[in-house]
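Please treat every number below as a calculation from the coordinates, not as lab data. Quick caveat, the model's predicted, so the values are computed rather than measured. Glycine gets a Cβ as well: all are built from the backbone with ideal geometry, and neighbour counts include every protein chain shown.
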Amino acid sequence: MSIHEECGLFGISDPHGDCARTTYYGLYALQHRGQEACGIATINQRVLSFHKDVGLVGDVFHPDVLDRLNGTMAVGHVRYATTGGGQRENAQPLTLKYVKGTLAVAHNGNLVNAGVCRAVKGLRGAFSLLVMSPQKLIAVRDPWGFRPLCMGRRGDAVIFASESCALHAVGAQFERELDPGEIVVVEGTQVRSIRENCQGSSSHMCIFEYIYFARPDSVLCGQSVHLARRNAGRLLAREFPVEADVVIGVPDSGLDAAMGFAEESGIPYGVGLVKNRYIGRTFITPGQESREQAVRIKLGALASCVAGKRVVMVDDSIVRGTTSKQIVSLLREAGATEVHMYSSAPPFIAPCYFGTDIPDRDALIACNYTQEEMREMIGADSLHFLSLEALHQIAPQADCGFCDGCFTGTYPIEV
Ligand code: AMP
């Protein structure tokens, strides 16, 4: 089994209880990090209960389930949709098993801190971990800091979440992020930090979190995700100026960068594409031959915005190129006279070994075609990718280093 790291984690220790409901709300706010399966485990008077299944948070949990799960500690998980991993047994929280990647563990046993510390030393790769024993809630961030994990408070409650947006969703105050390698142990209202696996300043957070994965209202490593995306758009406009009439973003992940592009270029921002809100990423995609149909169901082009116009279309990234091709043709059908495609990420040239679901090189369009060939395949009038230099400027507030292995083929640890 492989556990994909964009998965979302939420954990809470609250002596006043009702941790299941808080975790449910927290997972709802992290749904974008995984739509395949979800689960919540709780401790009530030392007894562990859990409920998990494939599906979205709102479908898997019902009021009676949450009532049954009520407790003074909880850990929850949303699992990222990956190819061929939709079985119920892949839902978490799990009872401890390590592979690469995020692991939400609910451990109903006599778990001692030393056991967790030793285990963490032996793990390589990207993971955030929440471990719950009858008395303790333990949060762990991997020593390279590939994935985010933050901590907040709500009264006496201590809360951990993959992203700060989940803290706000449950009315908690953001306190801080865990340092790479840090272990935080919560026992009742006592909080203790163990830093023996911290490596100092050599953090390598996944830069794709800013571009695509995280929610725009989250702050990661001190940097607002929304502003990082807007910066990417501004930098794109500076690197590749164009004459056009309107700038549009591909919803949802291209919108913030499109706004930045419009601000920098002075070209008006428009709503050129509308996304069907009821489509999650679990949408049953027809076979490759009818991908066109899938994009048509997800997105509609607004002729009133694009007809007769030279359009700048900004998306967060191009992976296989199939989506961009379909969107370009939707815009042309709606009357766009020119479509200039901008990706706010550089071309993907290498796989990710740290949890982002990037396909193998043979499926990555940028590995197999020149930029001009890609432009032609996508059917755009021009095609531009954010440069690597600019990529490193999108998050000036971030107090961490980055992993950009999928754009460079160079990774912070041996793969
Ligand atoms: P493609 O048709 O393969 O080029 O798909 C590109 C689209 O996939 C972009 O609009 C991205 O928003 C989205 N995307 C990028 N990375 C991922 C990922 N790891 N998982 C799911 N979707 C992604």
Reach of Lys275 by Cα under 16 Å, taken over aspartates and glutamates that are not fewer than 8 positions away in the same chain: Asp252, Asp256, Glu292, Asp315, Asp316
Of the GluC sites (Glu not before Pro) in the stretch 317-415, those whose Cβ has at most 14 other Cβ within 10 Å and which sit in DSSP loop: Glu414
Among Thr408, Gly115, Met374 - extreme Cα towards positive end, dipole of the chain, charges at beta-carbon: Gly115
Degrees separating the helix 255-265 axis from the principal Cα axis of the chain, which is the longest one: 50 degrees
Using θ = phi - 60° and Karplus 6.51 cos²θ - 1.76 cosθ + 1.60, couplings along the stretch 267-273 (whole Hz; Gly, Pro as x): 7, x, 8, x, 9, x, 9
Label-point separation in nm, Gln135 to Glu376, each point 7 Å along Cα→Cβ: 7.0 nm
The stretch 373-405 residues near the modelled Gln199 label - backbone nitrogen below 16 Å, point 7 Å along Cα→Cβ: 400-405
Hits among aspartates and glutamates - C-alpha to C-alpha of Lys309 under 15 Å, sequence gap 8 or more where chains match: Glu243, Asp245, Glu333, Glu338, Asp381
Paramagnetic reach from Glu239 (point 7 Å along Cα→Cβ, amide N under 13 Å) across the stretch 382-404: 383-395
Dmax and Rg, reported as Rg then Dmax, of the stretch 233-277 (C-alpha, Å): 10.3, 33
In degrees, nearest ten, helix 225-239 long axis to first principal axis of the chain (Cα): 30 degrees
Nearest-ten-degree value, helix 322-333 long axis tilted from longest Cα axis of the chain: 40 degrees
Rg ratio (alpha-carbon, reference 2.2 N^0.38 Å) - the chain: 1.00
